[in-house]
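Taking it in order: structure first as structure tokens, then the write-up.
The values are calculated or read from the model by the stated rules, or taken from the named source; none is laboratory data. Just so we're clear, the structure is a prediction, and the values are computed from it rather than from any experiment. Counting neighbours? That spans all protein chains shown, and the Cβs are built from the backbone with ideal geometry, glycine included. Accessible surface areas use protein heavy atoms only, side chains included; no ligands, DNA or RNA. Shrake-Rupley method; radii C 1.70, N 1.55, O 1.52, S 1.80 Å.
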Amino acid sequence: MSFIWPTLLILLIAIPLGIVLYIRLMQRRRRIVANFGSLGFVQAAAGQMLGLRRHIPPLLFLIGITILLIALARPETVVSLPRQEGTILLTFDVSGSMAAEDVPPSRLEAAKAAARDFIERQPRNIQIGVVAFSDSGFAVQAPTNDKDAILAAINRLAPQRGTSIGQAVLASLKVISADTSQVPRLYSNLTPTPLPSPTPVPQGTYTSSVIVLLSDGENNETPDPLSAAQAAIERGVRIYTVGIGSAAGTSLRVNGFTVHTQLDEAMLQQIAETTSGAYYSPTNQQNLHTIYDDMNAQLVVKPEKMEVTALFAGAGVLILLIGGICSLLWFSRLP
């Protein structure tokens, strides 16, 4: 157990002081009884107070106050809670062609805008991660439900070099299957080491996870995107592709050369159909939120930190009430 306001635990010093005060009061009472013991009514009154029962209400009051003081420090503990959960990997094409401006202000900025709108529509039980790819794929943000962290990761993306959709799929599958504590969270302009092919797992293992691939679809690097899509099929991961760009395309200056780039809808549609996903064209991206409706969220039990101040406060008040009732029933007064 931990505490949000641990400094308030210093108030527990009052408990031993209260115990000392109670002992002194009991000693004073015994001295009074001893000094006036010859009086019959005093002896009778003292006899009524004898026994361990007289200490029970003060003890309950002491326990109740202790629990309430602990509650002031706002205790929290790890609780395993069942919930429906799914994982969505937003996989961004950051190749050089995504700097094209046939979709204003640029293809990459249009992809970011579509992703931001998609993120805002997702419920808290969905974990969203970010993967970027050019000639290789790499994790930018491990799956989380912290929307600010996700948006910050997306804002850091910038166009790089070639395009390998196959590496994008493999990188996304690795993030889905990996321990999130081992997934790198930093984005770098350095060229990362290409990821190895995913280790075989039982077919359909990750049916509660989907990949949202935002790209212009122009692939010019290995491996073959459809071969990588087959690995997604084996894991039960569907790929939803989002076309970014125009069919007519545009010319783009890259390293002193003029190249023509255009949206390859056929490739993106084939990847989506192969994995039982769906393709979203530049004109229907507003329907991206329906991806969540198609997810097969699974029931998982995950440990989470939860504040239990209310439980401590309720228990403390209940014990105080019991102590007060006992004192009123036995002695017709409060301790």
Whichever residue in the stretch 199-235 is open to solvent by 30 Å² or more (accessible area, probe 1.4 Å) and touching an Asp or Glu at 6+ places or on another chain (Cβ under 7 Å) and, among such residues, is modelled with the lowest pLDDT: Gln203
Here the qualifying pairs (Cβ atoms under 6 Å; residues six or more apart or on different chains; first in the stretch 60-81 and in contact (Cβ under 8 Å) with a residue 24 or more places away in the chain and under 13 Å from Leu318 (Cα atoms); second open to solvent by less than 60 Å² (accessible area, probe 1.4 Å) and of a type in the set (Phe, Trp, Tyr)) come out as Ile67/Phe312
Those residues of the stretch 84-132 which are open to solvent by 10 Å² or more (accessible area, probe 1.4 Å) and touching a Ser or Thr at 6+ places or on another chain (Cβ under 6 Å), in sequence order: Thr87, Ser97, Ala99, Asp102, Gln127
Conditions: (1) more than 32 Å from the chain's Cα centre (by Cα); (2) within 25 Å of Ala113 (Cα to Cα). Val259 meets all but one. Number of the miss? (2)
Quick check: anything in the stretch 117-131 farther than 30 Å from Ser208 by Cβ and of a type in the set (D, E, K, R)? no
Taking into account only those residues within the stretch 309-335 that are modelled with pLDDT of 90 or more and β-branched (Val, Ile, Thr), which is nearest to Val78 (Cα to Cα)? Thr309
Scan the stretch 52-61 for residues that are among the hydrophobic types (A, V, I, L, M, F, W, C), in contact with a helix residue (DSSP H, G or I) (Cβ under 8 Å, 6 or more places away or on another chain) and open to solvent by 50 Å² or more (accessible area, probe 1.4 Å) and jot them down. Ile56, Leu59, Phe61
Quick one: Thr180 ticks every box in (1) open to solvent by less than 50 Å² (accessible area, probe 1.4 Å); (2) of a type in the set (Val, Ile, Thr); (3) modelled with pLDDT under 50 bar one, so which box is it? (1)
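Conditions (1) at negative phi; (2) assigned to a helix (DSSP H, G or I), marked per residue:
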position: Ile211; (1), (2): yes, no
position: Ala232; (1), (2): yes, yes
position: Gly245; (1), (2): no, no
position: Ser276; (1), (2): no, no
Out of everything in the stretch 247-258 that is in a strand (DSSP E or B) and open to solvent by 60 Å² or more (accessible area, probe 1.4 Å), what residue ends up being farthest from Pro104 (Cα to Cα)? Phe257
Output the number of the condition that Gly162 fails; it satisfies all remaining conditions of (1) modelled with pLDDT under 90; (2) assigned to a loop (DSSP other than H, G, I, E, B); (3) farther than 19 Å from Met267 by Cβ. (3)
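To keep it simple, each residue is scored yes or no on (1) open to solvent by 60 Å² or more (accessible area, probe 1.4 Å); (2) at pLDDT below 80.
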position	(1), (2)
Gly18	no, no
Arg31	yes, yes
Ala45	no, yes
Ala73	no, no
